[in-house]
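The values are calculated or read from the model by the stated rules, or taken from the named source; none is laboratory data. Since the model is a prediction, treat every value here as computed from it, not as a measurement. Counting neighbours? That spans all protein chains shown, and the Cβs are built from the backbone with ideal geometry, glycine included. With ligands, DNA and RNA removed, areas are computed over all heavy atoms of the protein, side chains included. Shrake-Rupley method; radii C 1.70, N 1.55, O 1.52, S 1.80 Å.
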Amino acid sequence: MRTPVRPVCTLLAAAALMAAAVDTTADASAEPPLPVTLARTGLFAAGTREPAPGLLSFAPQYPLWTDGAHKRRWLSLPAGSAIDARDPDRWQFPPGTRVWKEFGFGGRPVETRMIERLPDGRWRFATYAWNAQGSEAVLAPEVGLTVSAPGLPGGRYRLPSRADCLACHDGGDDPQGGPLLGLSALQLSPDRDPQALHAETSATSLRTLNDAGLIRGLPPALLDRPPRIAADTPTARAALGYLHGNCGHCHNDSGSLDSLSLSLAQQAADPLASAQRTLDSLLGHASRFRAHGSDSTQRVVGGQGEASVLLQRMQSSNPLARMPPLGVQVIDREGVALVERWIREDLGPRSSTAITRQHSGSTP
Amino acid sequence: MKTSLIHLALLAALPLAALPTAAQMQETDKSAADKIARGKYIVTIAGCNDCHTPWKMGDKGPEPDMSRMLSGHPQDMKMPAAPTPTAPWLMTGAATNTAWAGPWGVSFTANLTPNRETGLGKWTLRNFVDTIRTGRHMGRGREILPPMPWPMHKHMTDADLEAVFRYLQSIPAISNRVPEPLPPAAPVAAR
């Protein structure tokens, strides 16, 4: 008797469809212990305190303000692997990816944070505290650590807890989105904003990553015309960039804080839309937060920085009211001044609140 | 031909099989009601009304004003500077149980009703769970201040946290803009 191939195939296909709908979460592999010293994480060349060969240094064009810390960053990808950059605003990193970020004050490192992607795809976070001699950094406790830091308020600096890391670096509702905030098409665009605050130089860009085969799938248009923030003036571009780098990782329309309807993140995929979303969510929008002793009720009042809750919270001396709520003890006066100038000059009563400048391409 | 039609029917039936039946929808409604009931039970026994509902003086002494259930510190109740207690006394509480002064500053109990502008009406389940599990506002903002016992509540199961949230979303929405917390007063300069 002939085997009834057709009905068997149909049943197998049906079974496959049904199985795909069943949650078949694989068991997570055992998580290897975190290295107890920074030297054991692979950051340094053997026997030195210099970055190991093969590590890629990088610098986002809109860096996060951390009390004026001097920062250095490095990326390590497993040999032969590459970043999936098909979504320019949400790069996918292969298991084995490691990123380090050093925070320095007064000419010496104080802290180095590490984010790594484990073989099973999960991300984990750690931070290492440097000794006063700068000779060694050891793993900080999971609950964080306060260290001596001359020059900072109270002479102290707070290393974050693992939970604090997730407050900013959580990948949102997309577990594949990844928490590496400084690595995106916009942040590494070769069309760097000359007025970006606290700018650092780096040879690493979309072009160098693409040429080295370290990113794959980046939309070709973004290589021909590297991304830049859509803005009508240099001040607006820098201010939107500042808000993107300091606020956009929480305040966006794709993560868990979408319920706040406050989008301060910019996108390389659609710069005009994202810039307009920012304006729309700031202007004519009541603020939930109301400072004691203030009549301000709006997130941004065009032309009036002093009446804008956004600016009030950026420069608040009250740590319970200050934005960002983590990682800032010293108010960024340059950032406050930039956003104030943007509100006063670009968002005044006679200014149009519609972004008119299309992405016009880059300077090669 | 007949066999092909059977196969086609089988494949076409798959998405239809995914649609809920009337019985399943009834089960879902029952499940939602069960969650709300469970949430009400937890909110009751965990004492949320103790602080999140303003207390008043009733005929038999202090009692929660359930007409303002879980709406937090009354917005029109301006608090004077709190007295500084003498150790080992540590903190001061308002007569409404909705304002607390201590080494952390002054905290005001939140409006947990589903009012969209002043309560939890715009919150998602994740916002709520993140708050309780991390002790940070929406899991990312400022720290939740004492005396909110979130370090204990964070041990609730996911199911119980959802039940609490579903119950809170089902109670009457009350417009009440609770004031922001106040930081500790600046220390008095040494003489």
Which net charge results when you count Lys and Arg as +1 and Asp and Glu as -1 among the other residues whose beta-carbon is under 9 Å from that of A:W74? +3
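Could you sort the peptides B:33-45, A:95-107 by per-residue average Cβ neighbour count (10 Å cutoff), highest mean leading?
Peptide ranking by packing, descending: A:95-107, B:33-45.
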If each K or R counts +1 and each D or E counts -1, the residues other than A:E136 whose Cβ falls under 12 Å of its Cβ total +2
Checked the range A:276-338 against the a/c 1.5 cut and the a/b vs b/c comparison, axes a ≥ b ≥ c from its Cα gyration tensor; verdict prolate
Please arrange B:H155, B:H73, A:H285 by accessible surface area, largest first, computed with a 1.4 Å probe and ligands excluded. B:H155, A:H285, B:H73
Computed [θ] at 222 nm, deg cm²/dmol, the protein assembly as shown (DSSP H ≥ 4; -39,500 (n - 2.57); rounded to nearest 500): -8000 deg cm²/dmol
Residue by residue, what Karplus-based ³J(HN,Hα) values in Hz, rounded to whole numbers, does the range A:183-195 have, using 6.51, -1.76 and 1.60 with θ = phi - 60° and x for Gly and Pro? 10, 7, 4, 5, 5, 10, 5, x, 7, 7, 6, x, 9
Which whole-angstrom value gives the distance between the alpha carbon centres of the range A:198-256 and the range A:295-346? 23 Å
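Which of rounded, prolate, oblate describes the range B:122-191, given a ≥ b ≥ c as roots of the alpha-carbon gyration tensor eigenvalues and a/c under 1.5 marking rounded, otherwise prolate only if a/b is larger than b/c? Walk me through the numbers on the way to the answer.
Details: a/c = 2.91, a/b = 1.81, b/c = 1.61.
Prolate shape, in that a/c is at least 1.5 and a/b is the bigger ratio.
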How big is the antiparallel share of DSSP beta bridges in chain A, given as a percent to the nearest 5? 90 percent
Placed amide H near B:R142: partners under 5 Å, 5+ positions off or other chain: B:H137
Please compute the average number of Cβ atoms from other chains found within 10 Å of each residue's Cβ in peptide A:40-48. 0
Quick one: net charge around A:A59, please, counting Lys, Arg +1 and Asp, Glu -1 for every other residue with C-beta under 14 Å from its C-beta. +2
Let me know the shape class of chain A, please: from the alpha-carbon gyration tensor, a ≥ b ≥ c as square roots of the eigenvalues, rounded when a/c is under 1.5, otherwise prolate if a/b is greater than b/c, or oblate. oblate
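Anything in chain A that counts as a DSSP H helix reaching 18 Å or more along its axis (C-alpha) with Kyte-Doolittle mean of at least -1.0? List them, would you?
Answer set is A:5-20, A:234-247.
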How much accessible surface area, in Å² rounded to 10, belongs to the heavy atoms of B:E63 with a 1.4 Å probe? 70 Å²
Is there a simple number for the mean count of other chain Cβ atoms within 10 Å of the Cβ of residues in B:128-140, and what is it? 4
